[in-house]
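Each remark here refers to the structure printed beneath this line.
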Amino acid sequence: MLYLGCHLSPSDGFAAMGRTCLNLGGNTCQFFTRNPRGSRAKAIDPKDAEAFRALAAEKGIGTVVAHAPYTINACSKDERTREFALQTLADDLQRMEYLPENLYNFHPGSHTGQGVERGIELIADALNTVLFPAQRTTVLLETMAGKGSEVGATFEELREIIDRVELSDKLGVCLDTCHVWDGGYDIVHDLDGVLTQFDKVIGLDRLKAIHVNDSLNDLGARKDRHAVIGGGFIGLEAFARIVNHPALKGLPMVLETPNDLDGYAREIALLRQMEVA
Ligand code: FE
Ligand code: FE
Ligand code: ZN
């Protein structure tokens, strides 16, 4: 089963977001837990969350992905920035309990000059503070492009974070195709090799979601500029291999391409057409 969708806004509620997802031909989606740049989170309406869950069950929307705001940085050298990240993560994980059994993806962070090892320590510390045994959400570390001082552009760095987290059964990884490409993993010419390496270093059982994005830049560019599907260096043929790869079957695949809703609907249809039955 292919689970395809795109990034959507929950500003009119989760149920409305679910209907939009279905209208676009999607059966999964991603949404920000709060304004991606701001800090304030709208209170969750339990009835709306319940309406979304009922709609998802009825219409076959699979696992969905919540995305933490871009502004949080759990491994900043600034203590107040780290404190804000902790508060946001903790609060979001409480809110996610209204939509249980889904995924919560976040950018591990940027070490802002402290070095990768210190960054890894701080990210793991943050996770050890906010994860709780009863949570029904799996928290995903997103593979990063390696822009600036980003932590998590190699599978090894993600592995090191996971190894330091006590409740590591609550952790998974979201593979962003643009980011890994920008980070130097050649998913165009050697998708099998990259996934084999992922399996060796992290374990494919940790892979819980895919961000499906083309890249405006070439392999290893570390730039993180998303392109529309087929409009960048990754290209259509590589995406056909991605949607059909046995190791990725059944994972939520979410578009974060520069598109309006019509563009997303076209890309969802395009990727569905690539599926070899
Ligand atoms: Fe992201
Ligand atoms: Fe992404
Ligand atoms: Zn990106």
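The values are calculated or read from the model by the stated rules, or taken from the named source; none is laboratory data. Computed from a predicted structure; not experimentally measured. Cβ atoms come from the backbone with ideal geometry, glycine included; neighbour counts cover every protein chain shown. The area values use the complete protein model at the heavy-atom level, side chains included, leaving out ligands, DNA and RNA. Shrake-Rupley method; radii C 1.70, N 1.55, O 1.52, S 1.80 Å.
Observations, loosely collected:
- Single residue of Leu141, Leu122, Leu127 found to be over 19 Å from the mean Cα position of the chain (by Cα) and either surrounded by fewer than 21 Cβ atoms within 10 Å (Cβ to Cβ) or not small (Gly, Ala, Ser) (or both): Leu122
- Residue within segment 95-105 that is within 16 Å of ligand 1 (Cβ to nearest atom) and more than 17 Å from Lys170 (Cβ to Cβ) present: no
- Against the conditions (1) without any contact (Cβ under 8 Å) to a residue 24 or more places away in the chain; (2) more than 15 Å from ligand 2 (Cβ to nearest atom), Glu166 satisfies every one except (1).
- Test: residue in segment 129-144 that is farther than 21 Å from Val64 by Cα and in contact with a strand residue (DSSP E or B) (Cβ under 7 Å, 6 or more places away or on another chain): no
- Within segment 77-108, the set of residues being in a loop (DSSP other than H, G, I, E, B) and open to solvent by 10 Å² or more (accessible area, probe 1.4 Å) comprises Lys77, Asp78, Glu97, Tyr98, Pro100, Glu101, Asn102, His107.
- The residue that is most open to solvent (accessible area, probe 1.4 Å), among those in segment 144-157 that are within 14 Å of ligand 1 (Cβ to nearest atom) and under 20 Å from Arg118 (Cβ atoms), is Lys147.
- For segment 182-190, the criterion of being touching a strand residue (DSSP E or B) at 6+ places or on another chain (Cβ under 8 Å) and among the β-branched types (Val, Ile, Thr) is satisfied by no residue at all.
- Matching residues in segment 208-224 - criterion: being within 14 Å of ligand 2 (Cβ to nearest atom) and under 28 Å from Thr138 (Cβ atoms): Lys208, Ala209, Ile210, His211, Val212, Asn213, Asp214, Ser215, Asp224
- Check on Asn27, under 16 Å from Asp91 (Cα atoms), within 20 Å of the chain's Cα centre (by Cα) and either more than 16 Å from ligand 3 (Cβ to nearest atom) or open to solvent by 20 Å² or more (accessible area, probe 1.4 Å) (or both): no
- Hits in segment 3-40 - residues which are in contact with a helix residue (DSSP H, G or I) (Cβ under 6 Å, 6 or more places away or on another chain), in a loop (DSSP other than H, G, I, E, B) and not polar (S, T, N, Q): Pro10, Gly13, Leu24, Gly25, Gly26
- Yes/no for Thr20 being in contact with a Gly (Cβ under 7 Å, 6 or more places away or on another chain) and among the β-branched types (Val, Ile, Thr): no
- Matching residues in segment 132-143 - criterion: being of a type in the set (Ser, Thr, Tyr) and more than 15 Å from ligand 1 (Cβ to nearest atom): Thr137, Thr138
- Considering residues of segment 240-258 that are open to solvent by 50 Å² or more (accessible area, probe 1.4 Å) and in contact (Cβ under 8 Å) with a residue 24 or more places away in the chain only, the residue farthest from ligand 3 (Cβ to nearest atom): Lys249
- When Ala57, Ala68, Ala51, Ala15 are checked against the criterion of being open to solvent by less than 40 Å² (accessible area, probe 1.4 Å) and away from ligand 3 (no atom under 16 Å from the Cβ), a single residue qualifies: Ala15.
- Tally, over segment 225-260, of residues that are outside any helix (DSSP H, G or I), within 15 Å of ligand 2 (Cβ to nearest atom) and in contact with a helix residue (DSSP H, G or I) (Cβ under 9 Å, 6 or more places away or on another chain): 12
- If the condition is being assigned to a loop (DSSP other than H, G, I, E, B) and surrounded by 21 or more Cβ atoms within 10 Å (Cβ to Cβ), then segment 109-119 contributes Gly109, His111.
- First in segment 197-209 and at pLDDT 95 or above, second anywhere and in a loop (DSSP other than H, G, I, E, B), Cβ under 7 Å, 6 or more apart: Leu207/Leu251; Lys208/Leu251; Ala209/Leu251
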